[in-house]
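J.: Structure provided below as structure tokens; questions to follow.
The values are calculated or read from the model by the stated rules, or taken from the named source; none is laboratory data. Since this is a predicted model, take the numbers as computed values, not measurements. Note: ideal-geometry Cβ built from the backbone for every residue, glycine included; neighbour counts use all protein chains shown.
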Amino acid sequence: MVKHLTNLPPGDPHMNVLVLVGSLREGSTNRALADAAVAHLPEGATATVFDRGAELPHYSEDLDLEGHLPEVAVELREAVAAADGLIVVTPEYNGTLSSVVKNTIDWASRPRETAAISGTPAVVMAASGSPYAAQWARQDAVRCLQVAGAAVVEDTFGVGSSFEAFADGRLVDAEADAALRALVARLAPVPAA
Ligand SMILES: Cc1cc2nc3c(=O)[nH]c(=O)nc-3n(C[C@H](O)[C@H](O)[C@H](O)COP(=O)(O)O)c2cc1C
């Protein structure tokens with residue numbers, strides 16, 4: 001079941017977006033990208049960065065026990081369940097997505113029948129110090145989110161040479177910023193029928 005997903009421009013000012021950021025680094029360019037993406041949400045939208053990704057234990061079914069879940073996993077699942085959409089921002093490490101984001105998606109994808117992430121619209125973006133703009137990380141993040149059951153947009157947004165790409169919380173390149181805005185717009189919810 002898809003919660004909300006449309007190609008219409010953003011219209012609902014009450015949308016609630018959860019942001020997953022895969023770099024834990026102080027001064028992260030992926031965090032800068034997340035901020036630049038959030039700046040394109042419609043006025044009145046709520047965006048929350050889930051900043052406890054590093055506290056989540058590595059996913060294990062032995063820990064995923066109803067009534068005995070790690071508190072941080074409960075918080076994550078509640079945050080995903082409350083979200084109208086996800087913005088997933090990941091660096092590329094050794095040719096794939098960040099393990100922090102992967103682990104967060106794994107926790108949000110269970111229990112399978114009632115998974116908080118199921119049907120949740122999602123967009124994927126990445127910043128990389130290399131000119132290739134983390135293409136593999138983005139591809140893998142899309143596939144991972146698809147398998148997890150999210151309603152992920154297949155188009156992604158990548159920033160290459162990311163250490164020179166941001167100023168004052170925005171992308172320096174206006175064309176790139178327009179592409180980012182267009183991708184964020186695809187998270188727009190429509191009222192439930
Ligand atoms: C272990 C490691 C592996 C990396 N592998 C890749 C890679 O495969 N592709 C790539 O574009 N950048 C790679 N990088 C560079 C990252 O893009 C860069 O260090 C950084 O994480 C950019 O994101 P940040 O500014 O948000 O931390 C790697 C960096 C590290 C530390």
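J.: Please enumerate the residues belonging to region 121-161 that are of a type in the set (Gly, Ala, Ser), within 16 Å of the ligand (Cβ to nearest atom) and either at negative phi or in contact with a helix residue (DSSP H, G or I) (Cβ under 7 Å, 6 or more places away or on another chain) (or both).
T.: Ala126, Ala127, Ser128, Gly129, Ser130, Ala137, Ala141, Gly158, Gly160, listed by residue number.
J.: Another question, then. Can we say Ile87 is buried (at least 21 other Cβ atoms within 10 Å of the Cβ), in contact with a helix residue (DSSP H, G or I) (Cβ under 9 Å, 6 or more places away or on another chain) and under 25 Å from Ser60 (Cβ atoms)?
T.: Working: buried (at least 21 other Cβ atoms within 10 Å of the Cβ): yes; in contact with a helix residue (DSSP H, G or I) (Cβ under 9 Å, 6 or more places away or on another chain): yes; under 25 Å from Ser60 (Cβ atoms): no.
Criteria not met by Ile87.
J.: Could you tell me whether region 136-145 includes any residue that is small (Gly, Ala, Ser), modelled with pLDDT of 95 or more and either part of a loop (DSSP other than H, G, I, E, B) or more than 13 Å from the chain's Cα centre (by Cα) (or both)? Full working, then the answer.
T.: Start the filter on region 136-145 by keeping residues that are small (Gly, Ala, Ser), which leaves 137, 141.
Adding the requirement that they be modelled with pLDDT of 95 or more leaves 137, 141.
Next cut, either part of a loop (DSSP other than H, G, I, E, B) or more than 13 Å from the chain's Cα centre (by Cα) (or both) only: none.
So far as region 136-145 goes, no, none of its residues is small (Gly, Ala, Ser), modelled with pLDDT of 95 or more and either part of a loop (DSSP other than H, G, I, E, B) or more than 13 Å from the chain's Cα centre (by Cα) (or both).
J.: Would you mind telling me which numbered condition in (1) within 16 Å of the ligand (Cβ to nearest atom); (2) out of contact with any helix residue (DSSP H, G or I) (no Cβ under 7 Å at 6 or more places or on another chain); (3) more than 19 Å from Ala34 (Cβ to Cβ) Ser118 fails?
T.: Answer for Ser118: the failing condition is (1).
J.: Show the residue pairs meeting these rules: Cβ distance below 6 Å; 6+ apart or different chains; first residue within region 89-102 and in contact (Cβ under 8 Å) with a residue 12 or more places away in the chain and more than 10 Å from the ligand (Cβ to nearest atom); second residue assigned to a loop (DSSP other than H, G, I, E, B) and not β-branched (Val, Ile, Thr).
T.: Listed by first residue and then by second, the contacts come to Val100/Gly22; Val101/Gly22.
J.: Now a separate question. So which of Ala126, Ala122, Ala81, Ala73 is buried (at least 20 other Cβ atoms within 10 Å of the Cβ) and not in a strand (DSSP E or B)? Reasoning before the result, please.
T.: On the way: Ala126 fails: not in a strand (DSSP E or B); Ala122 fails: not in a strand (DSSP E or B); Ala81 fails: buried (at least 20 other Cβ atoms within 10 Å of the Cβ).
Ala73 is the lone residue from the list that is buried (at least 20 other Cβ atoms within 10 Å of the Cβ) and not in a strand (DSSP E or B).
J.: Please identify the pairs in which a residue from region 25-40 that is among the polar types (S, T, N, Q) has its Cβ atom under 6 Å from the Cβ atom of a residue that is surrounded by 17 or more Cβ atoms within 10 Å (Cβ to Cβ), counting only partners at least 6 apart or on another chain.
T.: Thr29/Ala127; Thr29/Ser162; Asn30/Val21; Asn30/Ser23; Asn30/Val89; Asn30/Pro91; Asn30/Ala127
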